[in-house]
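Asker: A single structure is presented below for examination.
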């Protein structure tokens, strides 16, 4: 009976509800533009057993050197595709989304000691995380951040030996995503806060006992050393600093790196969470810990500066708010749990997940509706000769389905900024330069553009270009001389 109570418990039932929410959230998010070049890179690693260190997809980067900071994630993504095609990729997305939200639920439970309130914290992680749920390496990074917070919470409230799991986390993280540096900063915040003991109104800091602090220091040192276990050494460790300090064109022009608009729903959500986190200690005369304040400040700064960091804000803020709300709702008691209603709801959750999971036909329909699939068929059927000019959004898909046509541009904006092409392309796409200049410089023979874009409106006005194909997703323009006689 005790085993049944644990398997069919109220917290497990809530985890099932979160799994349903995860699948329903991402079931229509299959065709992320960046997924395709991650998938192609993973295929190269899988088939050649080597990690690409130079660009081989674009003719404008001149074989620019790469930092393979996502190679392990890309291999994991392609492994899912190798296992079950499109369905495997969707299973990968559903699995990591559910794991992320459920792990966040466990984290909020540890912080608050209240499994019911922790569900609210998990919903916060879901709400802010929806900005970035996609088949991309960042999903693994979000999960690793939660795992890090779990290990630190267990290490400081239970056995300090939990801290020694951190180096393993960072060995994986450094090879999965460039956000590993955030994990180092978070660990540093906790170690820094452990040095202080004070009480200033509702703001409190508790000094850790010496042995616990020593183990945490050792774990952090080993974690930093573990970062060197990557394909290119120090260059991979320095990659995040290069992104933030030197990639000005990327940060200024790519939408996901734009500042947060506080009038949008998620911006209002950030303000609401912060208001609660700071007002509740005053109203209820409870405590806000020093490390929590520092993490809230870090998460807020990241989210306000870059929209894509909203997911990080949710992960850092949810445990804090859960702890603040923990006494407002009766806690969970296993003695009062009801097995059979929980079992029914858990079974219902599994059924919903099964039937909500999109089949192969649905996934193909998503690809066709959101990618230039028909345009690529036209290009191949008419044997159009390159060089090709494509817009930013289509580049990843072209890398996957038409590797025989080197792309001009795709979502790997860091590579294009290093090579110096990103600024040149941005001026062309926004009509800040003569459209003919770029076309002539790279001897472009045909263009695949998004209908309705500024440059697509200008192309018909150029005397030596002709529109030969158009649908809802793509327009193809060809040099008049090369198209003559084709009908």
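The values are calculated or read from the model by the stated rules, or taken from the named source; none is laboratory data. Since we're looking at a predicted model, the values are computed, not measured. Cβ sites come from the backbone with ideal geometry, for glycine too, and all protein chains shown count toward neighbours.
Asker: Against the definition (closer than 30 Å to residue 242 by Cα and within 25 Å of the chain's Cα centre (by Cα)), how does residue 371 come out, yes or no?
Answerer: Numbers: closer than 30 Å to residue 242 by Cα: no; within 25 Å of the chain's Cα centre (by Cα): yes.
Considered against the rule, which asks whether it is closer than 30 Å to residue 242 by Cα and within 25 Å of the chain's Cα centre (by Cα), residue 371 comes out as no.
Asker: In the range 322-366, how many are under 23 Å from the mean Cα position of the chain (by Cα), surrounded by 17 or more Cβ atoms within 10 Å (Cβ to Cβ) and part of a helix (DSSP H, G or I)?
Answerer: Qualifying residue count for the region: 3.
Asker: Taking the criterion of being surrounded by fewer than 22 Cβ atoms within 10 Å (Cβ to Cβ) and at pLDDT below 95, would at least one residue in the range 135-153 satisfy it?
Answerer: Checked against the condition, which is being surrounded by fewer than 22 Cβ atoms within 10 Å (Cβ to Cβ) and at pLDDT below 95, the range 135-153 yields no hits at all.
Asker: Return yes when residue 172 is under 16 Å from residue 226 (Cβ atoms) and either assigned by TED's automatic domain parsing to the domain that holds residue 234 or in contact with a strand residue (DSSP E or B) (Cβ under 7 Å, 6 or more places away or on another chain) (or both) and no when it is not.
Answerer: Working: under 16 Å from residue 226 (Cβ atoms): yes; either assigned by TED's automatic domain parsing to the domain that holds residue 234 or in contact with a strand residue (DSSP E or B) (Cβ under 7 Å, 6 or more places away or on another chain) (or both): yes.
Judged against the criteria, residue 172 is a match.
Asker: Further question on the same structure: Of all strands (runs of 3 or more DSSP E) completely enclosed by the range 444-487, which ones contain at least 2 residues that are touching a helix residue (DSSP H, G or I) at 6+ places or on another chain (Cβ under 9 Å) and surrounded by fewer than 19 Cβ atoms within 10 Å (Cβ to Cβ)? So that I can check it myself, show each step before the final result.
Answerer: Working: elements: 446-449, 465-470, 475-479.
Fully inside the range 444-487 and qualifying: 465-470.
To keep it simple, each residue is scored yes or no on (1) farther than 26 Å from residue 409 by Cα; (2) crowded, with 22+ Cβ neighbours inside 10 Å; (3) in the same structural domain as residue 141 (by TED's automatic domain parsing); (4) in contact (Cβ under 8 Å) with a residue 60 or more places away in the chain.
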{"position": "42", "(1), (2), (3), (4)": "no, yes, no, no"}
{"position": "48", "(1), (2), (3), (4)": "no, no, no, no"}
{"position": "58", "(1), (2), (3), (4)": "no, yes, no, yes"}
{"position": "75", "(1), (2), (3), (4)": "no, no, yes, no"}
{"position": "112", "(1), (2), (3), (4)": "yes, yes, yes, yes"}
{"position": "118", "(1), (2), (3), (4)": "yes, yes, yes, yes"}
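Asker: Considering every residue within the range 120-130, establish whether at least one is assigned by TED's automatic domain parsing to the domain that holds residue 165, out of contact with any strand residue (DSSP E or B) (no Cβ under 9 Å at 6 or more places or on another chain), modelled with pLDDT of 95 or more and not in a helix (DSSP H, G or I).
Answerer: yes
Asker: Kindly list the number of the only condition in (1) under 27 Å from residue 315 (Cα atoms); (2) crowded, with 18+ Cβ neighbours inside 10 Å; (3) at pLDDT below 95 that fails for residue 64.
Answerer: Every listed condition holds for residue 64 apart from (1).
Asker: I want to confirm something. Restricting to the range 148-167 and keeping residues that are in contact (Cβ under 8 Å) with a residue 24 or more places away in the chain and out of contact with any helix residue (DSSP H, G or I) (no Cβ under 6 Å at 6 or more places or on another chain), which single residue is farthest from residue 207 (Cα to Cα)?
Answerer: Among those residues, the one meeting the criterion is 161.
Asker: From the residues in the range 120-134 that are over 14 Å from residue 310 (Cβ atoms) and surrounded by 22 or more Cβ atoms within 10 Å (Cβ to Cβ), which one is nearest to the chain's Cα centre (by Cα)?
Answerer: 122
Asker: Is there a residue in the range 257-265 that is at pLDDT 95 or above, surrounded by 13 or more Cβ atoms within 10 Å (Cβ to Cβ) and in a helix (DSSP H, G or I)?
Answerer: No, that holds for no residue.
Asker: Let me ask you something else. If you check 238, 244, 251, 276, which single one turns out to be assigned to a helix (DSSP H, G or I) and either over 21 Å from the mean Cα position of the chain (by Cα) or not assigned by TED's automatic domain parsing to the domain that holds residue 123 (or both)?
Answerer: On the way: 238 fails: either over 21 Å from the mean Cα position of the chain (by Cα) or not assigned by TED's automatic domain parsing to the domain that holds residue 123 (or both); 244 fails: either over 21 Å from the mean Cα position of the chain (by Cα) or not assigned by TED's automatic domain parsing to the domain that holds residue 123 (or both); 251 fails: either over 21 Å from the mean Cα position of the chain (by Cα) or not assigned by TED's automatic domain parsing to the domain that holds residue 123 (or both).
Unique residue meeting the criteria: 276.
Asker: Does residue 441 qualify as being in contact with a helix residue (DSSP H, G or I) (Cβ under 8 Å, 6 or more places away or on another chain) and either at positive phi or modelled with pLDDT of 90 or more (or both)? If you could, list the steps in order and put the result at the bottom.
Answerer: Details: in contact with a helix residue (DSSP H, G or I) (Cβ under 8 Å, 6 or more places away or on another chain): no; either at positive phi or modelled with pLDDT of 90 or more (or both): yes.
No.
Asker: Residue by residue through the range 185-204, note down the ones that are surrounded by 19 or more Cβ atoms within 10 Å (Cβ to Cβ) and either under 20 Å from residue 72 (Cβ atoms) or more than 19 Å from the chain's Cα centre (by Cα) (or both). Lay out the reasoning, then the answer.
Answerer: First, the residues of the range 185-204 that are surrounded by 19 or more Cβ atoms within 10 Å (Cβ to Cβ): 186-187, 189-190, 193-194.
Residues satisfying the conditions are 187, 189, 190, 193, 194.
Asker: Another question, if that's okay. Scan the range 301-315 and give yes if some residue there is within 20 Å of the chain's Cα centre (by Cα) and surrounded by fewer than 14 Cβ atoms within 10 Å (Cβ to Cβ), otherwise no.
Answerer: Of the residues in the range 301-315, the ones within 20 Å of the chain's Cα centre (by Cα) are 301-315.
Of the ones still in play, those that are also surrounded by fewer than 14 Cβ atoms within 10 Å (Cβ to Cβ) are 301.
Looking for residues that are within 20 Å of the chain's Cα centre (by Cα) and surrounded by fewer than 14 Cβ atoms within 10 Å (Cβ to Cβ), one finds at least one in the range 301-315, hence yes.
Asker: Counting only residues that are surrounded by fewer than 21 Cβ atoms within 10 Å (Cβ to Cβ), more than 24 Å from the chain's Cα centre (by Cα) and outside any loop (DSSP other than H, G, I, E, B), how many does the range 406-424 have?
Answerer: Counting residues in the range 406-424 that are surrounded by fewer than 21 Cβ atoms within 10 Å (Cβ to Cβ), more than 24 Å from the chain's Cα centre (by Cα) and outside any loop (DSSP other than H, G, I, E, B) gives 3.
Asker: For the range 219-227, check the following and say yes or no: at least one residue is part of a loop (DSSP other than H, G, I, E, B) and within 18 Å of the chain's Cα centre (by Cα).
Answerer: The first filter runs over the range 219-227 and keeps only residues part of a loop (DSSP other than H, G, I, E, B), leaving 227.
If we keep only those that are within 18 Å of the chain's Cα centre (by Cα) too, we end up with none.
Checked against the condition, which is being part of a loop (DSSP other than H, G, I, E, B) and within 18 Å of the chain's Cα centre (by Cα), the range 219-227 yields no hits at all.
Asker: If a residue must be surrounded by fewer than 15 Cβ atoms within 10 Å (Cβ to Cβ) and under 23 Å from residue 397 (Cβ atoms), how many such residues does the range 425-443 contain?
Answerer: So the count comes out to 1.
Asker: Same structure again: Exactly one of these conditions fails for residue 403: (1) surrounded by fewer than 18 Cβ atoms within 10 Å (Cβ to Cβ); (2) in a helix (DSSP H, G or I); (3) under 26 Å from the mean Cα position of the chain (by Cα). Give me its number.
Answerer: Residue 403 satisfies all of (1) surrounded by fewer than 18 Cβ atoms within 10 Å (Cβ to Cβ); (2) in a helix (DSSP H, G or I); (3) under 26 Å from the mean Cα position of the chain (by Cα) except (2).
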